[in-house]
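Structure first, then comments.
Throughout, read-outs are computed from the coordinates displayed, never taken from laboratory work. Keep in mind that this is a model prediction, so the values were computed, not measured. For neighbour counting, all protein chains shown are included, and Cβ atoms are generated from backbone atoms with ideal geometry for every residue, glycine included.
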Amino acid sequence: MNSVVLTGNLATDVDVKDVGDDRQVANFLLAVDRPGSEEADFFRVSAWNKQAELCGRYLAKGRRIGVDGRLRSSSWEDGDGNKRSAVEVVAHHVEFLSPPPGSDGSEQEVPFEAAPA
C-alpha cells in the first residue's frame, strides 16, 4: 500500500505550470512539525489539473493544509554524473485548513478532490 496523510504549513508559495494537453501541475513544499520538537520535516508535494489550479489560486506560503496522497520516487544523473534521487507526495486530496491571510475567517472553504494522478 502506498498512502500518506500529512498536515502542515506551506513553506513556499505554490508554483503552477502548464504541462501540455490542458494539464497543470502545482508544486510546493510542505513543512510538517515533529511532535515534541521544534523541528519540522519538509515534503515536496505536487497536485494536478483542477486541484493544481485551485491550489495556485487560493494557497500561499504559511497556509495550513492537509494532504492525502501517495509517494513517488525518481532518480536521475545530474550534469556532473552524480546519481540523484528524490521522493515527493502526489496529492489525491488537498484540504484547506486555515483562512487566507487578511481574511476574517468567516468564509468556509470547501475541500476539493482531484482525479487520481
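The table that follows gives values for the structure above.
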{"quantity": "Sparse-neighbourhood loop sites, GluC sites (Glu not before Pro) in region 1-107 - DSSP loop, at most 12 other Cβ within 10 angstrom", "calculated": "Glu38, Glu39, Glu107"}
{"quantity": "Dimensions in Å of region 1-99 - Rg and Dmax from alpha carbons", "calculated": "14.3, 45"}
{"quantity": "Vicinal HN-Hα couplings computed from phi for region 10-23 (Karplus, 6.51 cos²θ - 1.76 cosθ + 1.60; Hz; Gly/Pro x)", "calculated": "5, 8, 9, 6, 7, 10, 9, 10, 7, 10, x, 6, 6, 10"}
{"quantity": "Region 4-113, relative contact order [Cα under 8 Å, separation at least 6], %", "calculated": "26"}
{"quantity": "Residues Ala86 and Glu53, FRET efficiency given R0 of 22 Å [Cβ-Cβ distance, rounded to 0.05]", "calculated": "0.35"}
